[in-house]
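Working notes for the structure below.
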C-alpha cells in the first residue's frame, strides 16, 4: 500500500481557476441579462447566473486546490484530483514515454507551468506548479522513468 499523495499545486492556481470561473459565470450572466430583456418572463436564468457568480467564483477554486494532490513515489507518479468525484491515478515508471512542461499565457504571467507525462495510453497533467518546481519535477520524472531495474 502506498501513501496518499501530499504535494499541492502552487497557491496561484486558485487565482487562475477563479479567473476561469469568473469568465464562465460572467458570460452566462451577460447572456441571461440579454435573454431577460427579450422575454421579460425569463428572469430565472439571470438569477441562476448571479448565484453562480456569487457562489462558484470564490468557492470552486478553493475546493479544487484543496483536492488536487500529487506525489512522486517508488511505484510511479500518484495524482489525485476532482471537485465532487475524486479521481486517483498512478502512472507506473515503466509506462512513462516522455515528459514535458507547458506554459500558457496566463501561466507565464504568473510564473507557473504545467507538467505533462505521456504514456502509450495518453497523457496526465500536473497543472499550475511554480515554474522552477515544474522544471525540477520534469527532470526528476525523466530521470526516474529512464531507470531500468533489469539493466
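Throughout, read-outs are computed from the coordinates displayed, never taken from laboratory work. Predicted, not measured: the structure shown is a model, and the values here were computed from it. Neighbour counts are summed over all protein chains in view; Cβ atoms, including those assigned to glycine, are modelled from backbone coordinates with ideal geometry.
Multiply the residue gap between residue 55 and residue 139 by 0.36 nm, knock off their C-alpha separation, and tell me the result in nm, one decimal place. Let's see the in-between values first.
Numbers: separation 84, 0.36 × 84 = 30.24 nm, distance 3.90 nm.
Once the chain is fully extended between residue 55 and residue 139, it gains 26.3 nm.
How far, in nm, would the chain grow between residue 6 and residue 94 when pulled straight, counting 0.36 nm per residue and subtracting the alpha carbon separation? Show your work: numbers first, answer last.
Numbers: separation 88, 0.36 × 88 = 31.68 nm, distance 2.24 nm.
Result for the pair: 29.4 nm of gain on full extension.
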Suppose the chain between residue 15 and residue 86 were pulled fully straight at 0.36 nm per residue; how much longer would it get relative to their current alpha carbon spacing?
23.4 nm
Assuming R0 = 22 Å, can you tell me the calculated FRET efficiency for the pair residue 22 and residue 103, based on Cβ-Cβ distance, to the nearest 0.05?
0.55
Using Cα atoms only, what is the angle between the long axis of helix 44-67 and the major principal axis of the chain, expressed in degrees (0 to 90) to the nearest 10?
20 degrees
Taking Rh as the Kirkwood radius, which is the inverse of the mean 1/r over Cα pairs, what is the Rg/Rh value for region 69-146?
0.97
Choose one answer from 27, 113, 121: the residue with the largest mean-square fluctuation in a GNM of the chain with alpha-carbon springs under 10 Å.
121
Cut-off is 10 Å between beta-carbons; in what order do 85, 123, 36 appear when sorted fewest neighbours first?
85, 123, 36
Nearest-ten-degree value, helix 131-146 long axis tilted from longest Cα axis of the chain:
40 degrees
Treating the angle as unsigned and between 0 and 90°, give the value, to the nearest 10°, between the Cα long axis of helix 13-38 and the longest Cα principal axis of the chain.
30 degrees
Only one of the values [x] 39, 19, 13; [y] 35, 17, 13; [z] 39, 15, 13 was calculated from this structure for semi-axes √(5λ) of the Cα gyration tensor in Å; name its label.
[z]
